[in-house]
Amino acid sequence: LKEIKSSEEAIKLEDKHGAHNYHPLPAVLSKGEGVHVWDVEGNKYYDFLSAYSAVNQGHCHPRIIEALSQQAAKLTLTSRAFHNDVLGPFEEYATKYFGFDKLLPMNTGAEAVETAIKLARKWAYETKGVKETEAQIVVCENNFHGRTTTIISFSNDEGARKNFGPYTPGFLKIPYDDVDALEKVLEENDNIAGFLVEPIQGEAGVYVPSEGYLERTKALCKKHNVLFIADEVQTGIARTGKLLAVDHENVKPDVLILGKAISGGVYPVSAVLADDKVMNVIKPGQHGSTFGGNPLACAVAHAALEVIRDEKLAENAEELGGLFRRLLDDFIRTSNIVNEVRGKGLLNAILINDSPESTTAWDICVALKNNGLLAKPTHGNIIRFAPPLVMNEEQLRDCVDIITNTLKQFEK
Ligand code: PMP
């Protein structure tokens with residue numbers, strides 16, 4: 001491949017030869033280690049996004065890279081036409097780790113969500129006698145679950161959805177963080193297969209629901225014999241200060257969706273976990289993917305999960321997350337540029353005091369970049385902060401200094 005000598009050159013190439021389906025901040029990264037990344041010019045940054053919460057274990061974690069290279073030299077892909085000697089041990093490890101009977105391996109978050117939707121529909125058909133054409137899944141307003149045709153069918157994001165129809169039917173949308181709305185919809189419909197929910201809405205701008213929301217909605221699902229399906233693609237794997245965000249309320253989902261950090265961002269891996277009574281409705285030949293469950297993915301995910309546990313990253317996220325919000329709360333008391341700091345563990349966001357249509361949040365992120373920290377706005381006036389969980393206190397305090405000093409430049 002052509003050697004890239006400047007960020008400008010790389011951006012021009014992407015612009016000319018790549019589809020324009022993203023709007024990245026103008027940082028061209030060429031190296032990562034732990035909580036840091038470097039651009040082509042050699043500038044060093046704190047990564048404060050972690051590839052949307054995928055790189056929880058830090059960039060190029062040596063244990064994960066070691067697992068990757070050892071397995072890559074041995075066997076990478078068999079497809080599921082044959083067995084491989086890594087999938088079974090990984091499934092044993094991961095099902096014990098998360099406390100479920102069975103795991104179905106996929107590659108991306110959206111694929112795992114699709115898998116969970118299919119699983120819930122088939123479960124409703126087989127165990128509740130819901131007609132195949134009538135099964136419904138309850139979803140929440142402002143959800144984000146991926147970008148496939150079916151998933152965008154129940155998105156509120158007009159940019160993601162508009163003119164991509166016709167849309168897949170079978171979804172009922174209710175407001176997020178509204179237990180009564182779920183109760184009503186479950187009482188009025190007898191064809192509901194599942195309730196698909198993000199324990200914290202990440203892409204929407206880090207909305208943490210009221211305490212008790214997950215526990216109460218899970219209880220309603222149980223009462224109405226509906227599957228509680230937790231999409232923990234962004235919130236899972238220690239990000240919010242517990243292994244899973246549902247652990248904050250001691251809720252065990254009927255179906256758990258994982259992606260992103262299950263592999264530490266080293267290789268695309270996702271998974272759906274459920275107990276036998278649910279997972280067993282899927283039979284040979286009914287679902288799969290060429291790469292799902294490949295030996296490389298399993299070896300990488302196994303190492304990535306070990307790192308989470310061995311390095312106590314959930315505990316670190318809880319501790320540093322609390323400190324981060326305390327420090328920023330102190331700052332906003334004296335500042336007129338940020339209205340709110342919210343989040344859990346190391347999944348946080350600030351709300352900029354400006355309209356969503358303004359470019360202030362974008363300009364702040366460009367200034368943060370110039371000051372050595374990478375973050376990205378979401379929905380106009382929200383900036384999400386999600387650093388790798390291997391950060392230490394000194395680094396976090398350093399980052400808070402960068403953030404507050406940058407924000408001060410934008411005070412009115
Ligand atoms: N679910 C949630 C909650 C997510 O945040 C995302 C990605 N941001 C996805 C699903 C989709 O994952 P992927 O991009 O790997 O398809």
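Below is a table of values for the structure above.
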item: Candidates PRO387, PRO377 - the one that is under 20 Å from the mean Cα position of the chain (by Cα) and part of a loop (DSSP other than H, G, I, E, B); result: PRO387
item: Filtered residues of the stretch 153-178 (kept if under 16 Å from GLN201 (Cα atoms) and either surrounded by 18 or more Cβ atoms within 10 Å (Cβ to Cβ) or in contact with a Pro (Cβ under 8 Å, 6 or more places away or on another chain) (or both)); result: PHE154, SER155, ILE174, TYR176, ASP177
item: The stretch 208-219: number of residues that are surrounded by fewer than 19 Cβ atoms within 10 Å (Cβ to Cβ) and either assigned to a helix (DSSP H, G or I) or out of contact with any helix residue (DSSP H, G or I) (no Cβ under 8 Å at 6 or more places or on another chain) (or both); result: 4
item: Neighbours by Cβ (under 6 Å, 6+ apart or cross-chain): first from the stretch 159-177, more than 30 Å from GLY212 (Cβ to Cβ); second modelled with pLDDT of 95 or more; result: ALA160/ILE152; ARG161/ILE152; ARG161/SER155; PHE164/ILE152; TYR167/SER153; THR168/THR150; THR168/SER153
item: Qualifying residue in the stretch 260-281 (condition: of a type in the set (D, E, K, R), over 17 Å from PHE98 (Cα atoms), at pLDDT 95 or above and out of contact with any Cys (no Cβ under 7 Å at 6 or more places or on another chain)); result: no
item: Answer from ALA219, ALA238, ALA245 - the residue that is closer than 30 Å to GLU188 by Cβ, hydrophobic (A, V, I, L, M, F, W, C) and more than 12 Å from the ligand (Cβ to nearest atom); result: ALA219
item: Matching option when the condition is within 16 Å of the ligand (Cβ to nearest atom) and in contact with a Pro (Cβ under 9 Å, 6 or more places away or on another chain), among ASN84, ASN107; result: ASN107
item: Only one of GLY321, GLY285, GLY293 that is assigned by TED's automatic domain parsing to the domain that holds VAL266, in contact with a strand residue (DSSP E or B) (Cβ under 7 Å, 6 or more places away or on another chain) and over 16 Å from GLN57 (Cβ atoms); result: GLY293
item: Count of the stretch 332-352 residues which are touching a residue at least 24 places away in the same chain (Cβ under 8 Å) and under 24 Å from ILE200 (Cα atoms); result: 12
item: Residue that is farthest from PRO295 (Cα to Cα), among those in the stretch 61-88 that are free of Cβ contacts under 8 Å to residues at least 60 places away in the same chain and within 27 Å of the chain's Cα centre (by Cα); result: PRO62
item: Condition broken by LEU103, with the remaining ones in (1) crowded, with 20+ Cβ neighbours inside 10 Å; (2) closer than 30 Å to LYS118 by Cβ; (3) outside the structural domain of GLN234 (by TED's automatic domain parsing) satisfied; result: (3)
item: From the options GLY264, GLY293, GLY321, GLY285, residue that is under 18 Å from ALA116 (Cβ atoms) and not hydrophobic (A, V, I, L, M, F, W, C); result: GLY293
item: Unique match (being away from the ligand (no atom under 12 Å from the Cβ) and within 23 Å of SER289 (Cβ to Cβ)) among ALA116, ALA135, ALA112; result: ALA135
item: One residue from GLU132, GLU126, GLU114, GLU66 being charged (D, E, K, R) and buried (at least 21 other Cβ atoms within 10 Å of the Cβ); result: GLU114
item: Residue count for the stretch 336-361, restricted to those that are crowded, with 17+ Cβ neighbours inside 10 Å and assigned to a loop (DSSP other than H, G, I, E, B); result: 5
item: Conditions (1) over 23 Å from GLY146 (Cβ atoms); (2) touching a residue at least 40 places away in the same chain (Cβ under 8 Å); (3) acidic (Asp, Glu); (4) surrounded by 14 or more Cβ atoms within 10 Å (Cβ to Cβ): number failed by ASP47; result: (1)
item: Counted residues, the stretch 249-300 - those being away from the ligand (no atom under 12 Å from the Cβ), of a type in the set (Val, Ile, Thr) and in a loop (DSSP other than H, G, I, E, B); result: 5
item: Residue list for the stretch 186-212, filter: among the hydroxyl-bearing types (Ser, Thr, Tyr) and more than 16 Å from the ligand (Cβ to nearest atom); result: SER210
item: Verdict on PHE90 being over 28 Å from GLY264 (Cβ atoms), in the same structural domain as LEU68 (by TED's automatic domain parsing) and either crowded, with 21+ Cβ neighbours inside 10 Å or modelled with pLDDT of 95 or more (or both); result: no
item: Residues that are in a loop (DSSP other than H, G, I, E, B) and away from the ligand (no atom under 14 Å from the Cβ), drawn from the stretch 222-235; result: HIS224, ASN225, VAL226
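For every residue, the table says whether it meets (1) farther than 20 Å from ASN21 by Cβ; (2) within 18 Å of the chain's Cα centre (by Cα).
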position	(1), (2)
THR149	no, no
SER155	no, yes
GLY159	no, no
VAL179	yes, no
LEU182	yes, no
GLY212	yes, no
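The values are calculated or read from the model by the stated rules, or taken from the named source; none is laboratory data. Just so it is clear, the model here is predicted, and its values are computed rather than measured. Positions of Cβ are backbone-derived with ideal geometry, glycine not excepted, and every protein chain shown enters the neighbour counts.
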